[in-house]
Structure formats: C-alpha cells, structure tokens
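J.: So that we are looking at the same thing, I have put the structure below in structure tokens.
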Amino acid sequence: MPGDKSVSHRAVLLGAVNDGPVAVKGFLRSADTLATVAAARALGVQVDEQDDSLVVHGRGWDGLREPENVIDVANSGTLIRLLPGLIASRDMLCVLTGDASIRRRPMARVLEPLTAMGATVAGRRGNTLPPVAVRGGALRGISHTLAVASAQVKSCILLAGLRAAGETVVTEPAPSRDHTERMIRFAGGRVEREEIAAGAGVIRVWPVDSLLMGMLAVPGDFSSAAFFVVAAILVPDSEISITDVGLNPTRTGLLKVLERMGAAVEVKMGGEAGPEPVGSVTSRTCELSATDVDATEVPSLIDELPLFLLAAAKAKGVSRLRGAAELRAKESDRLRSMAALLRALGGKVVEYPDGMDVEGDPRGWDGGSIVAEADHRLAMVGAIAGAASRDGVLVDDVGCMTVSYPGFTKTVVELGGSWNAVSATGGRPAAAS
Ligand code: S3P
C-alpha cells in the first residue's frame, strides 16, 4: 500500500520544526501530501525528495520563515487544519487557501481555539471559511472541548500547545485518530490521554523546547487498503492479502464493522513503523449481513464510511448509519454523494441529516454511472462498485484519485480488474469492471 496520508502530512509538519534533519521512509507521494511539502518549503524548510523517501531539514520553530506568498493547500483538509496550529506561536503572517472544495470546509473549529490561545486569526465569512490568515503570537494553554470528534481540530490545538505557556487540554467525545500524539511522543514531547467515559477522552500536551526525530517510517495507509479489503469481499471468488499496513486502532473501525457483518477478514499484527503499529489484513469473498454504526464508532472509520455503505448495499437486511453528520463536511458532502452513488446502482437508501439507512440486496448490482464530485474516495468507491458489478460502473473522474492514491487504477488492474477509458479527451472518465 502507498504510505499513510495522515502520517505523511504529520511527518513533514513535525519534521519542519524538528531540531535537525528527519529521514522519512515510505512517504506518500500524492497531491495532498505534496502540498504539505510545498508548504514546508514556503516556510523556509529544505525538503529533499527521492521516490518515497524524504529528508526534511527541520529548523525548529524559530527557524521558520514568513512565507512570501499565500500557501495553497490544494485539496487537503488536514493541511489547512494542522498548519495554523503549527505556526500559531510564530510572529509572522501566513495566508492559506485551497481548491473549491477546501474553500467550503468549516474553519471556525480551529480558528476559535487558536484565538483563545492568543493567536490573531481571520477567515472569510466571519472567520468560518478559507482563505484564512494566521498572525501568530505568544500563546497560552487552553482547555477546549470538541463539539465533534475531529483529529484535525485536536491536532491543530495540540501542535499549538507545544509552544504555549502551560498545559493545553483537549476533550474529545469519541476517540479520533491519534497519529499526532504518537509522533509528538516519538519526537520526545509529552502528551497523555485519559479516558473519561465510554470512548470520550481528555488529551493533555505540554510545551517543548525542541523535537528530536532522526528517522521516521510511515506505514501503509489503512484507508487505501480498505478499498481492497472490501473489494475482495464483494467481488466473487476473490482473496486479497495486504501487508505492512498501518493498524492503529483509532483507524481500523471498518474491520470491526465488517466482522459484525460476518465478513471473512483475518488480521495479523506484526511490528511497528515508527510510532505506528503495522500488520497484515486478508479478506475473501463472503456473504454479509446488515449492521448499525453510531456516533461513538464513526471517527474510527470516518474515511471508510463510504465503503461501509457500499458493503451495506450488498448485505442482507437494513444497515443504519447515525451520528455521521461530519461526513457532510468532507471533500464532498459524502452523505449526499454516497446516497446518489448507491441509487445510481439501483440501491434503496434513505438519507438522514446525520446518516443513512441502506437496504441491502445480496444479489448485488448490474452497474451504473456515478458522479465522484471531484472527491477521491467517492471515485475509488465507484471503481470498487464497478469491480463488484455485473456490467461495470462508469466513474466520471479518475483524476481526483491522485489526492490520496496515485497508483489506484494500476493496482485495480494488477488484481484482475479492468478499465475502459470512455473519453478521448484526456481519458478522465473510466468504467471499472
Ligand atoms: C484526518 C482526520 C480525519 C479524516 C481526514 C484525515 C487527519 O478528519 O477524515 O481524512 O489526518 O487528521 P477529522 O478527524 O478531522 O474528521
């Protein structure tokens, strides 16, 4: 699998303020993470690239330079949420913007706590949307409760907390991915999590003078692997094994959900890549039964919920997803776009403000034509739906897959899938079967 996107972003961001160079192995070279490399360079940090290896020549916070121009995060929600926290303690102006989808993503959730910490920040539409401007300042620790579990918001505050006076405390209603916490510890910083109620937790971080990482290995991306875990289950007579993939328990909620659906999935834990646990996952074709997913579980499979909904469309019974309104604030409104995708395959779905009911049909679907809305995960779900279909599925845009998984179409072919390019003009739409 290609390198983990979340860990790759963090490797460059924490690498940029590291005390000296960090060698990053297994870095994901995708549109999103290369935007983070460009942002680090704009802040005066030298980054050497060779295939999936990077050397990030960290300069410590004091070595960061005011960017000469606006930073373009492209399609990356993680970059536009984490970078303001990383630089909030620096006395410089940094303006961030991105593509049309980014300019619709809510930003008050990070700008408000940064303001409370003492940074001067601004954003379009009353400080709610990008572009955003951060003019840093002397920070103080705060205690902040997240309205919705979000690793991006939590990480922003924790990164600012590394340079704030006193302790910074973030309370989350359910466990969200903890890559930032693990990497801070790996680099010698102090961060602790205390469970306060079923799932809810309090994370504390203390200021550091410097971070010290020498080498950092990035695991394979579980979210990328998830497409093929589900493909093997849905495509007749399949078995796929994926090795060296990140198995951080805050990321692998899909495996538990698939297990409840009766899926044949084997997991073998097998060591570590830097601060992250890794292992292998094998899945094979099987019948599925419906299950429910609620708010507590949602963060552990937030990016895999579209795949869960696709699997639910082939399961026996009605699956219910609730407490997932956050999906409306992703690269597309993933509740609306997934409801449209499943209906395009002939699926029966009822959309709710915070979720969906999917009435599955174990016979699967013939095919259809789906609209990805320039959302990489929607496009790849459409392709897996095509591989599992009888006649193929037309995906209107395969170019957007480069956001997280540039080699996706090739891997589909290597596993026995096929693509028919249906457009002579650039070959962007394609049918997967
Ligand atoms: C991410 C966190 C998730 C996820 C996103 C990457 C991260 O968002 O959807 O793709 O790297 O921190 P939230 O946890 O903020 O919902």
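The values are calculated or read from the model by the stated rules, or taken from the named source; none is laboratory data. Since the structure is predicted, the reported quantities are computational estimates derived from the model, not experimental observations. A quick note on method: Cβ atoms are made from the backbone with ideal geometry, for glycine too, and the neighbour counts reach across all protein chains shown.
J.: Being assigned to a loop (DSSP other than H, G, I, E, B), within 19 Å of A16 (Cα to Cα) and in the same structural domain as A16 (by TED's automatic domain parsing), is that true of even one residue in segment 91-110? Write out each step before concluding.
T.: If we filter segment 91-110 for residues that are assigned to a loop (DSSP other than H, G, I, E, B), which is where we start, we get 91-92, 98-101, 105-107.
Imposing the further condition that a residue be within 19 Å of A16 (Cα to Cα) reduces the set to 91-92.
Okay, now just the ones that are also in the same structural domain as A16 (by TED's automatic domain parsing), so 91-92.
Checked against the condition, which is being assigned to a loop (DSSP other than H, G, I, E, B), within 19 Å of A16 (Cα to Cα) and in the same structural domain as A16 (by TED's automatic domain parsing), segment 91-110 yields at least one hit.
J.: Give segment 145-163 a look and list any residue that's in contact with a Lys or Arg (Cβ under 9 Å, 6 or more places away or on another chain), closer than 16 Å to E192 by Cα and more than 12 Å from the ligand (Cβ to nearest atom), or say none.
T.: G161
J.: Restricting to segment 39-59, and then to whatever is touching a residue at least 12 places away in the same chain (Cβ under 8 Å) and in contact with a Leu (Cβ under 8 Å, 6 or more places away or on another chain), can you tell me which residue is nearest to I184 (Cα to Cα)?
T.: Only one residue tops the list, namely G58.
J.: Further question: Taking the options A74, A119, name whichever one is more than 16 Å from the ligand (Cβ to nearest atom), aliphatic (A, V, I, L, M), in contact with a helix residue (DSSP H, G or I) (Cβ under 9 Å, 6 or more places away or on another chain) and not assigned by TED's automatic domain parsing to the domain that holds D333.
T.: Working: A74 fails: more than 16 Å from the ligand (Cβ to nearest atom).
Criteria check complete, one pass: A119.
J.: I need a count of the residues in segment 164-209 that are away from the ligand (no atom under 16 Å from the Cβ) and of a type in the set (D, E, K, R).
T.: Counting residues in segment 164-209 that are away from the ligand (no atom under 16 Å from the Cβ) and of a type in the set (D, E, K, R) gives 8.
J.: While we're looking at this one, here's another question. In segment 116-144, how many residues are modelled with pLDDT of 95 or more and closer than 21 Å to D62 by Cα?
T.: Total meeting the criteria: 12.
J.: Quick check on my filter: what residues within segment 51-84 are in contact with a strand residue (DSSP E or B) (Cβ under 9 Å, 6 or more places away or on another chain), under 17 Å from T120 (Cα atoms) and in a helix (DSSP H, G or I)?
T.: Selection gives I80, L83, P84.
J.: Now, a different point. List the number of the failed condition for T33; all other conditions in (1) closer than 18 Å to G246 by Cβ; (2) within 19 Å of the chain's Cα centre (by Cα); (3) away from the ligand (no atom under 16 Å from the Cβ) hold.
T.: Status for T33: all satisfied but (3).
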